[in-house]
1. Being over 10 Å from the mean Cα position of the chain (by Cα) and polar (S, T, N, Q) is the filter here, so list the residues in region 199-229 that pass it.
2. Considering Gly28, Gly61, which residue is at pLDDT 95 or above and over 24 Å from the mean Cα position of the chain (by Cα)?
3. So, in region 195-249, how many residues would count as being of a type in the set (Ser, Thr, Tyr) and either surrounded by 23 or more Cβ atoms within 10 Å (Cβ to Cβ) or in contact with an Asp or Glu (Cβ under 6 Å, 6 or more places away or on another chain) (or both)?
4. Quick check, is Gly316 out of contact with any helix residue (DSSP H, G or I) (no Cβ under 7 Å at 6 or more places or on another chain), more than 26 Å from Gln48 (Cβ to Cβ), in contact (Cβ under 8 Å) with a residue 24 or more places away in the chain and not acidic (Asp, Glu)?
5. Among (1) more than 22 Å from Arg193 (Cα to Cα); (2) loosely packed, with under 13 Cβ neighbours inside 10 Å, there is one condition Arg286 misses while meeting the rest; what is its number?
6. Quick one: which residue in Tyr150, Tyr131 is modelled with pLDDT under 95, in a loop (DSSP other than H, G, I, E, B) and not polar (S, T, N, Q)?
7. Being of a type in the set (S, T, N, Q), crowded, with 23+ Cβ neighbours inside 10 Å and assigned to a loop (DSSP other than H, G, I, E, B) is the filter here, so list the residues in region 250-272 that pass it.
Amino acid sequence: MILKKLAAVSLSALMVFSTLTGCGGDKGDSEKIPEVGNLKYESTTELQYATQFAIYNYEGGYKYIEIVDGDKILVVPEGAETPEGLEEDVIVVNQPLENVYMAATSAMSLVNAAGAIDQVKFSSLEADDWYVEEAARAMNEGRIRFAGKYNTPDYEMLVGEDCDLAIESTMILHNPEVKEKLEDLGIKVMTERSSYESHPLGRTEWMKLYGALFGKEEEANKAYSEQVSIMDELDGLENTGKTVTFFYINSAGGVVTRKSNDYVATMIEIAGGKYIFENLGDEDSRNSTVNMQMEEFYASAKDADFIFYNSSIVSGVETIDQLIDQNSVLADFKAVKEGNVWCTGKNVYQETDKLGSVIRDMNEIITNGDECPETLDFFFKVK
């Protein structure tokens, strides 16, 4: 079964990750358990698909989070003391968090799913740029304020209003001076790496990290379980063999698609389809997208049974004519001729807490075609 095979691969990756980084291991193997000051280890949070972080639980409610190739974070429960003997690079976060600056766009839905959006007070997006309804509503009501883009934050606002943590995406790595200035001003910075997860539910499972960070483990586990249940519904699904291409056309007229080992390709596979590209992109590269000239794309993707046009980055297309206006060559694609063109909603990129639901929409399209509704939760048909 496709899902079980993917789960086995994910589990194997987690075991390798644990061995190499020291983020795994059980209680009996002390060499693999981080020594965190004088705290007493109790357990390690179980992860099903995520491989890019680990959560260790210590006596007294302390949580120690390790992100692969990234931050080490000690979460100190409300009213507790910071233990002595911590390594210098450990970020100490004291609960309750109340004034978080959310600069990692895709993390907002995960924090919201964990029931902690009220603890976010600053955003790197304006209200109109949010497709997470709760975030847009909170900004329109003044509960979350715009505090500048991730690379040009409003330092005065963040310092003056006691920002206690900035959650950044890996985009901040291109602007290290911003991270350094935030830290110099006394603002703690966490760089989240959910985008490095290869399995879609690995990304969704990052809500467990936010559950631990914000003291919302129960809510996070419940929300995650709901997405796993959707995946379970697709377990044992026979693959249709129908091919899918997923792309958008950038302002220069080039095609931007996904690597063959990307999480989008995995979602298509779980949904019962087959990603049209079998060996596209450098497997070792962190980049998830591949830029192609239309001639090359046409040669490889013209016979795909379905087109999923990605409007999460650029403007969507509502009609076949609008799609063809992007490039007339698209008129010769099989999916265009047969009317099997679907466009993603703007919410696909931001709502990483619902990737199980995205897969269900993909399955509905691939298996039912013209018989499925023309508007789904995350896709709509291009007429």
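The values are calculated or read from the model by the stated rules, or taken from the named source; none is laboratory data. From a predicted model like this one, the values you see are computed outputs, not experimental measurements. Note that we place each Cβ from the backbone using ideal geometry, even for glycine, and neighbour counts take in every protein chain shown.
1. Asn221, Ser225, Gln227, Ser229, listed by residue number.
2. Values: Gly28 fails: at pLDDT 95 or above.
Step by step, each of Gly28, Gly61 is checked, and only Gly61 is at pLDDT 95 or above and over 24 Å from the mean Cα position of the chain (by Cα).
3. First, pick out the residues of region 195-249 that are of a type in the set (Ser, Thr, Tyr): 195-196, 198, 204, 210, 224-225, 229, 240, 243, 245, 248.
Then keep just the ones that are either surrounded by 23 or more Cβ atoms within 10 Å (Cβ to Cβ) or in contact with an Asp or Glu (Cβ under 6 Å, 6 or more places away or on another chain) (or both); that gives 204, 210, 224, 243, 245.
Here the count works out to 5.
4. Details: out of contact with any helix residue (DSSP H, G or I) (no Cβ under 7 Å at 6 or more places or on another chain): yes; more than 26 Å from Gln48 (Cβ to Cβ): yes; in contact (Cβ under 8 Å) with a residue 24 or more places away in the chain: yes; not acidic (Asp, Glu): yes.
The answer is yes for Gly316.
5. (1)
6. Working: Tyr150 fails: modelled with pLDDT under 95.
Going through Tyr150, Tyr131 in turn, just one is modelled with pLDDT under 95, in a loop (DSSP other than H, G, I, E, B) and not polar (S, T, N, Q): Tyr131.
7. none
For every residue, the table says whether it meets (1) in contact with a strand residue (DSSP E or B) (Cβ under 6 Å, 6 or more places away or on another chain); (2) closer than 30 Å to Lys63 by Cα.
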{"position": "Gly211", "(1), (2)": "no, yes"}
{"position": "Gly215", "(1), (2)": "no, yes"}
{"position": "Lys222", "(1), (2)": "no, yes"}
{"position": "Phe246", "(1), (2)": "yes, no"}
{"position": "Met267", "(1), (2)": "no, no"}
{"position": "Glu278", "(1), (2)": "no, no"}
{"position": "Phe306", "(1), (2)": "yes, no"}
